[in-house]
Amino acid sequence: MRKKTVVLGVTGGIAAYKAAALTSQLTQKGIDTWVILTESAARFVTPLTFQTLSKHHVFVDTFEERDPAVVSHIDLADKADLFVIAPATANIIGKMAQGIADDMLSTTVLATVAPVLICPAMNVHMYAHPAVQRNMNILKEWGYHFAEPGEGPLACGYTGKGRLAESESILTHIEYLLKKGNRKTDLKGKRVLVTAGPTREKVDPVRFFSNRSSGKMGFAIAEAARDRGAEVLLVTGPTSLPKPSGVITYPVESAEEMYHAVMEKIEEVDIVIKAAAVADYRPKEVHDQKIKKSEGQLIIELERTKDILFEIGKRKKHQFVVGFAAETKDVEYYAKDKMSRKNVDMIVANNVKLVGAGFEEDTNVVTIYVKNGQEISLPKMSKREVADAIFDQIMGLLEQRE
Ligand code: PMT
């Protein structure tokens, strides 16, 4: 197999010293590694360190053209199978989100069509700043990959989120992305129905039962499907997320409404992915007026909602049907049980008690169970990457069907 090439951008934060170890680990794995330092990064660790570890010239200055046969930043941008920025400061993230190209690193990353993995590292307050969060969201929407920073004591003296992700986790991520290759449009011609978010089950005009689903997982699936060329129908419970562009969105509130929206479309679609956290129960009686408080207990009787996935499983013909399983224990047992009981082709199981998995998080940790017995356990990754991994599996299986 051709040797893979990683272009590693290092920016000016104290975690730059960890990038030296990362360079060494990459080259030891046989990955051809080319390093670009920003001028600030070169104040923390010298180019010579990276040159010695990578066995290649290290780039800092855009105009230092060492080889007259090529333009360095284009050559590096084209060479990359994967572009990694570790550590990535708030500054480089901001520049990338605005399309600014004013030094060797920002210019090269703008010129690459390779997948890009960004590994942020900064002070906890900088990381939480709305400007940084907005910039990261812009980049995520464009399909950039992120290695979430860890939490703990930071070099600046604060404790919190902002430490460069552990090198083992960055390496796993790099290997995963190198294997996966570049963006695809393999869903062209397919119609995909995704459900997302929670449902709300009314008690009275001011109260409802719901759950912690933010819609992030389902929205990420819808966006991945759109980017891979599918026509996407997104049935979503109430969330605060912006409607994804290029996706037909059907907002619903209750499990009953979600049931009808899904059933109306089910015949027309090729793939169904049910990431929504649908209420299993709803109040038996919905009060017309606000329930007034009174002495003693209030007992609300609940009744079962319709199990939408179960209904889809009963009716499915040509559709490839994927369910999710949100579990807190015995994940494998319950996931497999749901797969057979609900007659679905695949179950994506998340242990929602794990840090970085499940509700509201930007990341998830899932195991994909397939009807044919295959099991794929994925490391912690962004919900967008989980979405792509799910489609990789589905497309592999659909190819075998044809
Ligand atoms: O939205 P986020 O904050 O990003 O969180 C993501 C998530 C945790 C909600 C998501 O990853 C997830 O696990 N979604 C499924 C949650 C769930 O309801 O799981 P379940 O094990 O209770 O249900 C199993 C499957 O049956 C699911 O596909 C569910 O959509 C479906 N179901 C459940 C009940 C019901 N009445 N009808 C259904 O279709």
Complete set of residues in the stretch 88-105 that are without any contact (Cβ under 8 Å) to a residue 40 or more places away in the chain and either surrounded by 19 or more Cβ atoms within 10 Å (Cβ to Cβ) or outside the structural domain of GLU166 (by TED's automatic domain parsing) (or both): LYS95
Subset of the stretch 235-284, residues under 30 Å from ILE299 (Cβ atoms), in contact with a Leu (Cβ under 8 Å, 6 or more places away or on another chain) and open to solvent by 60 Å² or more (accessible area, probe 1.4 Å), comes to TYR281, ARG282, LYS284
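Quick grid of which residues meet (1) of a type in the set (Asp, Glu); (2) in contact with a Lys or Arg (Cβ under 9 Å, 6 or more places away or on another chain):
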| residue | (1), (2) |
| --- | --- |
| ASP280 | yes, yes |
| LEU302 | no, yes |
| LYS316 | no, no |
| GLN319 | no, no |
| THR328 | no, yes |
| GLU332 | yes, no |
| ALA335 | no, no |
| THR363 | no, yes |
| ARG384 | no, yes |
Flag for ALA80 being at pLDDT 90 or above and open to solvent by less than 20 Å² (accessible area, probe 1.4 Å): yes
Does ARG163 satisfy the criteria of being within 16 Å of the ligand (Cβ to nearest atom), basic (Lys, Arg), open to solvent by 10 Å² or more (accessible area, probe 1.4 Å) and in contact with a Pro (Cβ under 8 Å, 6 or more places away or on another chain)? no
Lone qualifier among LEU48, LEU110 - being free of Cβ contacts under 8 Å to residues at least 12 places away in the same chain, surrounded by fewer than 21 Cβ atoms within 10 Å (Cβ to Cβ) and assigned to a helix (DSSP H, G or I): LEU48
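Quick grid of which residues meet (1) within 16 Å of the ligand (Cβ to nearest atom); (2) open to solvent by 10 Å² or more (accessible area, probe 1.4 Å):
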{"position": "GLY189", "(1), (2)": "no, yes"}
{"position": "THR195", "(1), (2)": "yes, no"}
{"position": "PRO198", "(1), (2)": "yes, no"}
{"position": "PRO205", "(1), (2)": "no, yes"}
{"position": "SER213", "(1), (2)": "yes, yes"}
{"position": "ASP227", "(1), (2)": "no, yes"}
{"position": "LEU233", "(1), (2)": "yes, no"}
Hey, does the stretch 241-257 have a residue that's more than 10 Å from the ligand (Cβ to nearest atom), β-branched (Val, Ile, Thr) and touching a residue at least 60 places away in the same chain (Cβ under 8 Å)? no
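To keep it simple, each residue is scored yes or no on (1) closer than 14 Å to ILE390 by Cβ; (2) modelled with pLDDT of 90 or more.
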site	(1), (2)
GLY160	no, no
GLU166	no, no
PRO205	no, yes
SER213	no, yes
ALA224	yes, yes
For TYR127, work out the one condition from (1) surrounded by fewer than 18 Cβ atoms within 10 Å (Cβ to Cβ); (2) among the aromatic types (Phe, Trp, Tyr); (3) not in a loop (DSSP other than H, G, I, E, B) it doesn't fulfil. (1)
Quick one: is GLY181 at pLDDT below 90 and either surrounded by fewer than 16 Cβ atoms within 10 Å (Cβ to Cβ) or within 16 Å of the ligand (Cβ to nearest atom) (or both)? yes
Quick check on this structure: which one of VAL355, VAL344 is of a type outside the set (S, T, N, Q), free of Cβ contacts under 8 Å to residues at least 24 places away in the same chain and not in a strand (DSSP E or B)? VAL355
Test for GLY358: is it more than 22 Å from VAL269 (Cβ to Cβ), small (Gly, Ala, Ser) and more than 8 Å from the ligand (Cβ to nearest atom): no
Whichever residue in the stretch 8-37 is assigned to a loop (DSSP other than H, G, I, E, B) and over 20 Å from GLY162 (Cα atoms) and, among such residues, is most open to solvent (accessible area, probe 1.4 Å): LYS29
Taking first residues from the stretch 260-279 that are touching a residue at least 60 places away in the same chain (Cβ under 8 Å) and more than 10 Å from the ligand (Cβ to nearest atom) and second residues anywhere that are part of a strand (DSSP E or B) and open to solvent by 20 Å² or more (accessible area, probe 1.4 Å), the pairs with Cβ under 7 Å that are 6 or more apart or on different chains are GLU268/ARG191; VAL269/ARG191; ASP270/ARG191
Candidates LYS293, LYS329, LYS306, LYS314 - the one that is at pLDDT 95 or above, more than 10 Å from the ligand (Cβ to nearest atom) and not in a helix (DSSP H, G or I): LYS329
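The values are calculated or read from the model by the stated rules, or taken from the named source; none is laboratory data. Owing to the predicted nature of the structure, the values given are computational and were not obtained by experimental measurement. All Cβ positions, glycine included, derive from the backbone under ideal geometry; neighbour counts span all protein chains shown. The area values use the complete protein model at the heavy-atom level, side chains included, leaving out ligands, DNA and RNA. Shrake-Rupley method; radii C 1.70, N 1.55, O 1.52, S 1.80 Å.
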